[in-house]
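Attaching a single structure in structure tokens format; questions to follow.
The values are calculated or read from the model by the stated rules, or taken from the named source; none is laboratory data. What you see is a predicted model, and the numbers here were worked out from it, not measured in a lab. Here the Cβ is made from the backbone with ideal geometry for all residues, glycine too, and neighbour counts use every protein chain on show. With ligands, DNA and RNA removed, areas are computed over all heavy atoms of the protein, side chains included. Shrake-Rupley method; radii C 1.70, N 1.55, O 1.52, S 1.80 Å.
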Amino acid sequence: MADAKVIPFDDDRSRAGSASRPARRRTGAGSGGGRGDGSTAPVSALPGGRLPDVPSDGAEGAQDPQQPQEEAVGGVGASADAGGGWDRRIAGGLAFLRRRVTGDYEVDEFGYDKELTDQVLMSALRPLADKYFRVEVKGIENIPSDGGALIVANHSGTLPLDGLMLQVAVHDNHPAERHLRLLAADLVFHLPVVNELARKAGHTLACAEDAQRLLELGEIVGVMPEGFKGIGKPFGDRYKLQRFGRGGFVSTALRAGAPIVPCSIVGAEEIYPMIGNAKTLARLLGFPYFPITPTFPWLGPLGAVPLPTKWTIQFGEPIPTDGYPPEAAEDPMLMFNLTDQVREQIQHTLYKLLVQRRSVFF
């Protein structure tokens, strides 16, 4: 298998157009309804049918032109269009597989594979977001149409499905179809298979250098400062934000001059109600926690199926950072104040959304 080509991250070439080529429209002798010399083609009876009584004088006994058009819409014409659509999908899929096998696809310096993300990963996650969790998105206009921005969200749910649903929400609801580049913990890149998929989907290590690089390149970067403290908290502490660390995300946004967009996610807390933590087993496996829920591990693999809760994701008004001097990134008091401002805005929006929702599942 050939190696994939590595291109600079800010290369704006897109391979989206090469995934599927529009099929050429096939034309035949009968497409114009007659012969090239002006004469009418002979009409043959269908099996089991008969020829219609057509007078020799075409002017007086001409058939209503609306009738054959209506038949074509619901008959042969519709079948041809449907067949052409499937042909294009199959051709596009075969072309995609050929590029995968030959290595004729592009990744950026972080390992992000835009074509694979758009055509495979996002397509696999979209039914989960649209049909299962029925994610409702609010305030998408607060994410800029171009340039870098840092989305800061709460983290919950025992398993990090909220980050994936956030990625789908940004791409599918933003007018510019922007891609969210999530900052993930070290554990994600130590797990087999998950490591490769995370890189292909555009995620990178949660470090200041990578985050600043992405922001300066004009990317939308997502961070969940609660980390494992948020995703692994007990069910009794749901929707209570944990510490946001030392405000490293604020320092990164200040250095890049990128706005901070607070984001509140409601619905993820209830997908795996964590009622216990097997700490000894977690230490043996090298995990930060080992969840015990009403269904896991009692129901085996079925216990890993998340509950179909109703989600709401709301993006708040952006907090600009480009007005601060360069040395502001080293001011601990400023970082503390901005971190507290972001945290309070997310927490207040969470309480507001909880009051507004009718039910956990509807």
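What is the ratio of the Cα radius of gyration of the stretch 150-272 to 2.2 N^0.38 Å, with N the residue count, to two decimals?
Ratio of Cα Rg to 2.2 N^0.38 Å: 1.02.
Something else: Note the per residue figure in Å³ for the convex hull of the C-alpha positions in the stretch 221-275.
80
What percent do you get for the relative contact order of the stretch 216-287 when only Cα pairs under 8 Å and 6+ apart count?
Relative CO of the stretch 216-287 lands at 36 percent.
Starting with the highest mean, order 185-191, 322-328, 303-309, 337-343 by the number of other Cβ atoms within 10 Å, averaged over the residues of each peptide. Don't skip to the answer; put the middle values down first.
Details: 185-191: 13.4, 322-328: 10.9, 303-309: 15.7, 337-343: 18.3.
Put in order of decreasing packing, that is 337-343, 303-309, 185-191, 322-328.
Does a label point 7 Å from the Cα of V360, set along Cα-to-beta-carbon, have any residues of the stretch 208-250 with amide nitrogen under 13 Å, and which are they?
235-239
May I pose another question? What does the highest-first list of 156-167, 122-133 look like by mean Cβ count within 10 Å?
Output ranking for 156-167, 122-133: 156-167, 122-133.
Additional query: Inverting the mean 1/r over all pairs of different Cα atoms, compute the Kirkwood radius of the stretch 115-195 and quote it in Å.
13.9
Rolling a 1.4 angstrom probe over the protein heavy atoms, how many square angstrom per residue are accessible across the stretch 203-273? Write down the numbers at each step before the final one.
Numbers: 2450 Å² over 71 residues.
Value returned for the stretch 203-273: 34 Å² of accessible area per residue.
If we sort 193-201, 288-296, 219-227 on the protection proxy, mean other Cβ atoms within 10 Å, highest first, what's the order?
The peptides rank, most packed first, as 219-227, 288-296, 193-201.
Quick check: at a probe of 1.4 Å, how many percent of the accessible area of the stretch 239-314 sits on carbon and sulfur atoms? Intermediate values should be presented prior to the final figure.
On the way: 2210 of 3430 Å².
Of all accessible area on the stretch 239-314, carbon and sulfur atoms account for 65 percent.
Can you divide the C-alpha Rg of the stretch 246-334 by 2.2 N^0.38 Å and report the result to two decimal places?
1.64
What do you get when you divide the Cα radius of gyration of the stretch 294-358 by 2.2 N^0.38 Å, with N the number of residues?
1.80
Efficiency by 1/(1 + (r/R0)^6): what FRET value for K240 and V193, r their Cβ-Cβ distance, R0 = 22 Å, to the nearest 0.05?
Using R0 = 22 Å, I get an efficiency of 0.10.
Using only the alpha-carbon atoms of the stretch 273-317, report the extent along each of the three principal axes, biggest first, to the nearest angstrom.
Projected onto the principal axes, the Cα atoms of the stretch 273-317 cover 43, 25, 15 Å.
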